[in-house]
Amino acid sequence: MNPHWNSRLETHNKQVEDARDGADIDYARLIHSASFRRLQGKTQILNLGDSDFYRTRLTHSLEVSQIAMGLVRQLEKQPNLPPKIHDLLPEHTRIQAIGLSHDLGHPPFGHGGEVALNYCMRHHGGFEGNGQTLRILGKLESFSDKAGANLTLRTLLGILKYPASYQDLYNPDCAPKLKETETLRLIDRDASKPPKCYLTSEQEIVDQILAGVSASDKELFCAFQKGKGQHGKTFHKSFDCSIMDCADDIAYGVHDLEDAIALNLISRQDFQEIVTEKTCGFYLDILNEKYPMEFGNNLYDGFTDKLFSDQNTRKRQISRLVHHFITHTTLTEIDAFKEPLLRYRLHLIPESACFLEALKELVFKKVIQSPNVQQLEFKGQQMVVSVFEAIASDPKAFLPLDIQAKYHAEHDDPRVICDYVASMTDGFLLKTYERLFSPRMGSVFDHL
């Protein structure tokens, strides 16, 4: 393994009696970080006010971490896997750290908040949740002088989901803008979506992460495609990032489906409309082989019945789905890369990937795009814009004193205001909005 990947953005002198390796230290720093704790108060899909049972960004991140470790364990047990791949597998604490941290940069109110902040920062380098994750870990967290959490470079590479900058991927034809209405001032939500990227302000961090690979590897890894009428898109992820990304897709497609069924946001008819018998045929064949007497004469209807049955029966089916996806992956190799961490990728096998895509489409169409969720996302989005613009109108009056000091130290850079708003939980942003805009008188003794 290239020793570059075990180095950090800043020099770290481990205490002599510390028995942990670099990955253990990364994991500990993430668990103890303020940004990780705040995930308990941020929306996953369902609004936090709906119930204390459904998943938040925190519980989602814990599940991604666990699934990612399950994927690594599965690879470890494959007898035909070449020794060079076994040597390449990330330590369990490292892949858990990558899974735990993948959503740290997401602002309050999910992707609605992300779009809102991208609009607010339209003249100042934009905003994107994955890019904010790298900024938090490489600059904003408090474990070092100037390098944030100061994680090992391999962990940061695993977190770098889209290796191209906002500036490179941004298409001026897709500039954030307001929507024309008769009386309301509303942002155009479609036009204000950011490219999937790292923030241009973090270019130095990315350069340091990739300093250990050849110029040709770096150029290929950071390549992207630009299309008409849309932002550019990247092509590549590192090996560790591909494991995390696979785990994230599984958690989204399966566990968010579980929440949606439990809340009656998805019906049996909705499921069978999008996840057809043909789409999940490969999985049904496996179920039939393992449990030939469980599902009756019609395997597809029997499986669907159990998925929409009581909580215990449904949980058994959800667990089987997760197990299926974890145990049906494959590795691909991109010969053009010399660096092993860039050369290999983990994917679901095609039949299982098709099934998971259908589950994700179901959640997206029937839950995320539903009026109930969209109305709450819209409401949160408007509050994010209002709070940002109110603070930006007079930072000296509205920013907390410690954030004011950072703002002035950064020469009144709006990015500091963006960092502050993006770090808020849903509840904290709501209280800030009420404090600034509610007709209620309020008091200096009100605690945010």
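A few points about this structure:
- Matching option when the condition is over 17 Å from Val363 (Cβ atoms), open to solvent by 50 Å² or more (accessible area, probe 1.4 Å), over 25 Å from the mean Cα position of the chain (by Cα) and free of Cβ contacts under 8 Å to residues at least 12 places away in the same chain, among Glu289, Glu277, Glu273: Glu289
- Taking the stretch 337-357 as the range and being open to solvent by less than 10 Å² (accessible area, probe 1.4 Å), out of contact with any Leu (no Cβ under 7 Å at 6 or more places or on another chain) and either more than 20 Å from Met69 (Cα to Cα) or not aliphatic (A, V, I, L, M) (or both) as the test, the residues that pass are Ser352, Phe355.
- Just one of the numbered conditions (1) free of Cβ contacts under 8 Å to residues at least 12 places away in the same chain; (2) open to solvent by less than 20 Å² (accessible area, probe 1.4 Å); (3) of a type in the set (S, T, N, Q) is not true of Thr181: (2).
- Test: residue in the stretch 412-424 that is touching a strand residue (DSSP E or B) at 6+ places or on another chain (Cβ under 8 Å) and either hydrophobic (A, V, I, L, M, F, W, C) or part of a helix (DSSP H, G or I) (or both): no
- Test: residue in the stretch 234-255 that is open to solvent by 50 Å² or more (accessible area, probe 1.4 Å) and within 17 Å of Tyr198 (Cα to Cα): yes
- As a summary of the residue check, Arg154 satisfies the conditions (1) over 17 Å from Gly212 (Cβ atoms); (2) touching a helix residue (DSSP H, G or I) at 6+ places or on another chain (Cβ under 7 Å) except for the one numbered (1).
- Failed item in (1) buried (at least 23 other Cβ atoms within 10 Å of the Cβ); (2) farther than 30 Å from Asp188 by Cα; (3) in contact with a Phe, Trp or Tyr (Cβ under 7 Å, 6 or more places away or on another chain), with Thr43 passing the rest: (2)
- Cross-chain or 6+ apart pairs with Cβ under 7 Å, the stretch 68-81 first and β-branched (Val, Ile, Thr), then surrounded by 15 or more Cβ atoms within 10 Å (Cβ to Cβ) and not in a loop (DSSP other than H, G, I, E, B): Val72/His92; Val72/Ile95; Val72/Ile243
- When residues in the stretch 113-135 are screened for being crowded, with 24+ Cβ neighbours inside 10 Å, in contact with a Ser or Thr (Cβ under 9 Å, 6 or more places away or on another chain) and not in a helix (DSSP H, G or I), 1 of them pass.
- Single match in Leu178, Leu157, Leu134, Leu151 (criterion: touching a Cys at 6+ places or on another chain (Cβ under 8 Å) and not small (Gly, Ala, Ser)): Leu157
- Leu75 vs. criteria at pLDDT 90 or above and among the aliphatic types (A, V, I, L, M): yes
- Any chance Lys379 is open to solvent by 20 Å² or more (accessible area, probe 1.4 Å), closer than 26 Å to Ile417 by Cα and at pLDDT below 95: yes
- Filter result for the condition that a residue is open to solvent by less than 40 Å² (accessible area, probe 1.4 Å), out of contact with any helix residue (DSSP H, G or I) (no Cβ under 8 Å at 6 or more places or on another chain), more than 30 Å from Gln374 (Cβ to Cβ) and modelled with pLDDT of 90 or more, over Ile98, Ile85, Ile25: Ile25
- The one condition in (1) touching a Phe, Trp or Tyr at 6+ places or on another chain (Cβ under 9 Å); (2) modelled with pLDDT under 95; (3) of a type in the set (Asp, Glu) that Glu128 fails to fulfil: (2)
- Residue selected from the stretch 1-19 under the condition assigned to a loop (DSSP other than H, G, I, E, B), among the charged types (D, E, K, R) and open to solvent by less than 90 Å² (accessible area, probe 1.4 Å), by the criterion modelled with the lowest pLDDT: Asp18
The values are calculated or read from the model by the stated rules, or taken from the named source; none is laboratory data. What you see is a predicted model, and the numbers here were worked out from it, not measured in a lab. Positions of Cβ are generated from backbone atoms using ideal geometry, with glycine treated the same way; all protein chains shown enter the neighbour counts. Side chains are part of the model used for accessible areas, which takes the heavy atoms of the whole protein and leaves out ligands, DNA and RNA. Shrake-Rupley method; radii C 1.70, N 1.55, O 1.52, S 1.80 Å.
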